[in-house]
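The values are calculated or read from the model by the stated rules, or taken from the named source; none is laboratory data. Only a predicted model underlies this, so the values are computations on that prediction, with no experimental measurement involved. We place every Cβ from the backbone using ideal geometry, glycine too, and count neighbours over all the protein chains shown. Side chains included, ligands, DNA and RNA excluded: accessible areas come from the protein's heavy atoms. Shrake-Rupley method; radii C 1.70, N 1.55, O 1.52, S 1.80 Å.
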Amino acid sequence: MIKLVSDTIDRQDINALIEWLQQDPIPKLTKGELTKELEEKWAKKIGTKYSVFVNSGSSSILLTLAALKEFGKLKNNKIIVPALSWATDVSSPMLLDYNVLMCDCNLTDLSCDLESLEKIFQKENPSVLILVSPLGLVPQMDNVVELCEKYDVILLEDVCESMGSKFNGKYLGSFGFASFFSMYFGHHLSTIEGGFINTDDEDFYHLLLMMRSHGWDRDLPKWKQQELREQHNCTDFDALYNFYVPGLNLRSTDLQAFIGLRAIEKLDDYSTKRNENFEYYINKLKTNKLKLNQKINDYVSSFAIPIVNSKRNDIIRDLVDNNIEVRPLIAGNMANKPMWKGDKQGLNNCELLEEQEFYIPNHQDLSKEDIDIIVNIINKYE
C-alpha cells in the first residue's frame, strides 16, 4: 500500500524516550522544564518571540480565540473563516459565540480568494481573519497582510498543514498576530498529540500561559507574577489557587516535549523531501484542473497533493483498487457540513472542489517510483 502519511517518530526516538524514562529519579512527565525548552526552540525556529505548547492543534485554535476575547482588542464579534478549512477552524469560534462568516477559496494556492475577502472586509468590518494555508501551499502573504492592515483585521494563521512552508524566506506562522501548528500523527512532525501557538505579543503570550492552565499565574515570569499579585492584593500562598482570568487545562506533557525536541531537528530534512516530491508531482501530472506551481517567493513544504478532476469518483476507485490511500481535500466546503447553519452564498470555488476534489500522498518517505504509479493512474483520466 502507498500510504498518505509516514510516521515521523522512529525507532531511535522510541529508544531515546525509553532511556529517558528509565532515569533515576523518574523524570517529570507532566508539563515542566522540557516544555519550556521546546517552546523556546520552536519560537526561534519559526521566527517569533514566543510559543505556547498545548495538547493539540485544535486546542491551539480554541485557546487563541478564547484569549482574544479576554484580551479586549476586538472591535466587534465578527470572524472570517475560509470555507475550505478544518472542522475546528469553524467550530471553535462557533463554540465561543463569535459571529462566523465564510470566505471562498482561490483555485491556485487554495487559501482565501482575495477579491472575495476584501468584499467581506468592506461589507462586514470583521475583527479577525483565520487564514488557512491548505496542504503546505503558500498564500500571497504580502497581499493578505496588506489587506488586514488596511481594514484593521487581526490576522491568525492556521499552519497546521504547512509546517516548513515559507514566503519570501519567512516561515508561514510568522506573519500574523498569532499562528497555530499541529503535532498530530500524519502531520509534518509529531509529538503523538500536540500543538503550538506562536506570537510576538508579550501581553498576549502571558494571557495564553494563564488561560492554558486554569487561569493561574504559575507559568508566568516572576516579575509578571509579582505584578499581578500586588495588583490583586494576593499573597504568594493564596496565589497557588488564585485565578486571574477564565482558564482551561490545555497543557501537554514533558513526555511529548521530549519527542518534540527531537522532532524539530527533522523539519528541514522532511521539508526538503516534501518539496522535491511536490516539484516532481507537478511536472508529471497532466489532468489536474489546479495549476499547481511554486512561485518565486514560495517554498512549499507539501503536506499532500490536491487534485481537481471531473472524473473524481472514477480516479478514486482506481487509486483505491491499486492500494493507494486517498482522502477528500481537507473537508471540501465546510458550509455544506451539518454543523454549519449560516450563509452558504458566494462560495463557488469551494462548491467546485466539493464535487471534484481529493488529495493524494506526499510525505518524507514517498519514493519517485511511488509517485510514478500514482501519476500514471491519474493521467489516464482526461
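Just a few scattered comments:
- Counting only helices (runs of 4 or more DSSP H) that sit completely within the stretch 238-356, those holding 1 or more residues that are touching a residue at least 24 places away in the same chain (Cβ under 8 Å) and within 27 Å of residue 374 (Cα to Cα) correspond to 267-284, 312-321, 348-356.
- For the stretch 194-219, filtering for residues that are touching a helix residue (DSSP H, G or I) at 6+ places or on another chain (Cβ under 7 Å) and not basic (Lys, Arg) leaves 14.
- The stretch 1-35, residues that are under 23 Å from residue 219 (Cβ atoms), open to solvent by 90 Å² or more (accessible area, probe 1.4 Å) and within 25 Å of the chain's Cα centre (by Cα): 33
- Set 227, 279: member being within 23 Å of residue 39 (Cβ to Cβ) and surrounded by fewer than 19 Cβ atoms within 10 Å (Cβ to Cβ): 227
- When residue 111 is tested against (1) out of contact with any Asp or Glu (no Cβ under 8 Å at 6 or more places or on another chain); (2) over 30 Å from residue 291 (Cα atoms); (3) surrounded by 16 or more Cβ atoms within 10 Å (Cβ to Cβ), exactly one condition is not met: (2).
- Meets criteria (closer than 19 Å to residue 8 by Cβ, open to solvent by 10 Å² or more (accessible area, probe 1.4 Å) and either of a type in the set (D, E, K, R) or touching a Lys or Arg at 6+ places or on another chain (Cβ under 9 Å) (or both)) for residue 202: no
- Single residue of 193, 157, 230, 161 found to be assigned to a strand (DSSP E or B) and not polar (S, T, N, Q): 157
- Scanning the stretch 121-152 for residues that are crowded, with 23+ Cβ neighbours inside 10 Å, touching a Lys or Arg at 6+ places or on another chain (Cβ under 9 Å) and of a type in the set (Val, Ile, Thr) yields a single hit, 128.
- Qualifying positions in the stretch 357-382 - open to solvent by less than 10 Å² (accessible area, probe 1.4 Å), outside any helix (DSSP H, G or I), within 19 Å of residue 311 (Cα to Cα) and out of contact with any Gly (no Cβ under 7 Å at 6 or more places or on another chain): 358, 360, 361
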